[in-house]
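A.B. asks: Shown below is the structure under consideration.
The values are calculated or read from the model by the stated rules, or taken from the named source; none is laboratory data. Just so you know, these numbers come straight off a predicted model, no measurement behind them. Reconstructed Cβ throughout: ideal geometry from the backbone, glycine too, with neighbour counts over all protein chains shown.
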Amino acid sequence: MVVFDGHCGLCNRTVRWLLRRDRRDRLRFLASESEIAAALLVRHGINRPDAKSGPTTILTVLNFGDPAERVLARSEAVLALLAELPQPWPAVAAALGWVPRPLRDLGYRLIARWRYRIWGRLEVCPFPGADERARFL
């Protein structure tokens, strides 16, 4: 499960990128502004600044809905997503995994800080097409 900022231009482009590459249909997507995301954030003690915004990072939820549910954030979330895609992306994730986490997260935070200025902020979260709707909660 991928929890993303539905108003972020970069996040929406990333979701489209993941949809095109997820040939095994393993990923599901959830806008951080949704009620399901709100319950998930509460369940894991992640602060939601206000009803109009979710967490300030992409989240990857492993074992969504199971007792073993686990939430990954920032670069760890990105590595987990890349590992779910077909080659060469798991190899890219493995290579990036050699970079110390503090450095990966620093790079992630820098991009996250500038994402609205570079890629824009959408007024509404785009609604997925009919062929993709089943992959969104």
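A.B. asks: Of the residues Ile36, Ile58, which single one is of a type outside the set (Gly, Ala, Ser) and crowded, with 19+ Cβ neighbours inside 10 Å?
C.D. replies: On the way: Ile36 fails: crowded, with 19+ Cβ neighbours inside 10 Å.
So the residue among Ile36, Ile58 that is of a type outside the set (Gly, Ala, Ser) and crowded, with 19+ Cβ neighbours inside 10 Å is Ile58.
A.B. asks: Right, another one. Please enumerate the residues belonging to region 91-120 that are outside any helix (DSSP H, G or I) and either out of contact with any helix residue (DSSP H, G or I) (no Cβ under 7 Å at 6 or more places or on another chain) or at pLDDT 95 or above (or both). Spell out how you get there, then give the answer.
C.D. replies: If we filter region 91-120 for residues that are outside any helix (DSSP H, G or I), which is where we start, we get 98-100, 120.
Hits for region 91-120 are Trp98, Val99, Pro100.
A.B. asks: Turning to a different aspect of this structure: Restricting attention to region 11-26, and to residues there that are in a helix (DSSP H, G or I) and in contact (Cβ under 8 Å) with a residue 40 or more places away in the chain, which single residue is farthest from Ile58 (Cα to Cα)?
C.D. replies: For region 11-26, the residue satisfying everything is Arg21.
A.B. asks: Would you pick out the residues in region 11-41 that are polar (S, T, N, Q) and more than 10 Å from the chain's Cα centre (by Cα)?
C.D. replies: If the condition is that a residue be polar (S, T, N, Q) and more than 10 Å from the chain's Cα centre (by Cα), then Ser34 is the only one that fits.
A.B. asks: Count, please, the residues in region 121-137 that happen to be part of a loop (DSSP other than H, G, I, E, B) and either modelled with pLDDT of 80 or more or out of contact with any strand residue (DSSP E or B) (no Cβ under 6 Å at 6 or more places or on another chain) (or both).
C.D. replies: Of the residues in that region, 10 qualify.
A.B. asks: Further question on the same structure: Consider Leu30 against the criteria (1) surrounded by fewer than 19 Cβ atoms within 10 Å (Cβ to Cβ); (2) not in a helix (DSSP H, G or I): it satisfies all of them except one. Which criterion is unmet?
C.D. replies: Only one criterion in (1) surrounded by fewer than 19 Cβ atoms within 10 Å (Cβ to Cβ); (2) not in a helix (DSSP H, G or I) is unmet by Leu30, namely (1).
A.B. asks: Related question: I'm checking my understanding of the structure. Among residues of region 72-90 that are touching a residue at least 24 places away in the same chain (Cβ under 8 Å) and part of a loop (DSSP other than H, G, I, E, B), which one is surrounded by the fewest Cβ atoms within 10 Å (Cβ to Cβ)?
C.D. replies: Out of the qualifying residues, it is Pro86.
A.B. asks: Still on this structure: If I filter region 38-71 down to residues being part of a strand (DSSP E or B) and at pLDDT below 70, which single residue comes out as nearest to Leu10 (Cα to Cα)?
C.D. replies: If we take residues in region 38-71 being part of a strand (DSSP E or B) and at pLDDT below 70, then Ser53 is nearest to Leu10 (Cα to Cα).
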